[in-house]
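Q: Below is the structure I would like to discuss, written out as structure tokens.
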Amino acid sequence: MANETVRFKRALKKWDTLHAEKAYSAPVESGAVAILASDRALADEKGEQASKEDIEEATNERQAFLEEAQRIAETLTAEGVDNQIFPAFTMENVTDVLADRSISSVITIGNGNLSEVWAHQGLYISWDFVADNATHLKTGYFIQRQCGQLAYHLSVPLGTFALTDHSNVFAAHGKYLPPVLTPKHEASIMQLHSERRLGLETVKRLFSVE
């Protein structure tokens, strides 16, 4: 696998090309919001060693993610914003969302870190998977409702290369988020930076594990 710097430069070059081609989604004012709700719980990683308590915890965690998605969808609908929930979302769901120009914004809900989120069957969706599969740039926002710890030397925020404006990614930078969010946890999900075009040196400065 190409190292992090090479992958970042490749993603940024593609992002610049999509801008040059004016390959954009529907305007944010009329576009839909995709809500990707994971069904992968932390206790699922124990596999056959999972206890009865672990299984119950995993079930509750999956239910919490889905209920959160439903609450967000209800709020968006009340505001007149089209939206679609992808429960137990798969890698194929993500590629479909990234290819759908009627969708201008994306929300992820689940377990992960600043650069990744777990999808169905425990597969990771990473920032460079998003970059590789973007067929255009979303005009809206990308909200990461998952843990925001820095996991890599170059911890690029997950939604960066899906958007026309890199500053429209919102996440809990460096924070742990539980399955059920309190107002305090909600407040930690914020705009990560103000850079429209996030360069390599800025990523190293803001989002690197030393």
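Q: Restricting the search to the range 66-81, which residues are over 14 Å from the mean Cα position of the chain (by Cα) and surrounded by 15 or more Cβ atoms within 10 Å (Cβ to Cβ)?
A: Kept after step one, since they are over 14 Å from the mean Cα position of the chain (by Cα), are these residues of the range 66-81: 66-68, 70-81.
The answer is LEU66, GLU68, ILE72, ALA73, LEU76, VAL81.
Q: A follow-up question, please. Which one of these is of a type outside the set (Gly, Ala, Ser) and without any contact (Cβ under 8 Å) to a residue 12 or more places away in the chain: LYS14, LYS22?
A: Details: LYS14 fails: without any contact (Cβ under 8 Å) to a residue 12 or more places away in the chain.
On inspection, the qualifying residue turns out to be LYS22.
Q: A further question on this structure: Which ranges mark the helices (runs of 4 or more DSSP H) fully within the range 1-102 that have 1 or more residues being among the acidic types (Asp, Glu) and closer than 18 Å to GLN146 by Cβ?
A: Details: elements: 4-20, 52-78, 91-99.
Passing ranges, in order: 52-78.
Q: Considering only the range 181-210, how many residues are within 16 Å of TRP15 (Cβ to Cβ) and in contact (Cβ under 8 Å) with a residue 12 or more places away in the chain?
A: Total satisfying the criteria: 8.
Q: May I pose another question? Give me the pairs: first residue in the range 83-105 and within 18 Å of ALA119 (Cα to Cα), second residue outside any strand (DSSP E or B) and among the acidic types (Asp, Glu), beta-carbon distance under 6 Å, and six or more apart or on different chains, which are they?
A: Listed by first residue and then by second, the contacts come to ALA88/ASP39.
Table: residues versus (1) touching a Pro at 6+ places or on another chain (Cβ under 7 Å); (2) of a type in the set (A, V, I, L, M, F, W, C).
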position	(1), (2)
LEU66	yes, yes
LEU76	no, yes
VAL81	no, yes
GLN84	no, no
ILE107	no, yes
LEU137	no, yes
ALA151	no, yes
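Each reported figure results from applying straightforward, stated rules to the coordinates on display, with no laboratory input. In this text, all values refer to a predicted model and were calculated from it rather than measured experimentally. Using ideal geometry, Cβ is built from the backbone for each residue, glycine included, and neighbour counts are taken over all protein chains shown.
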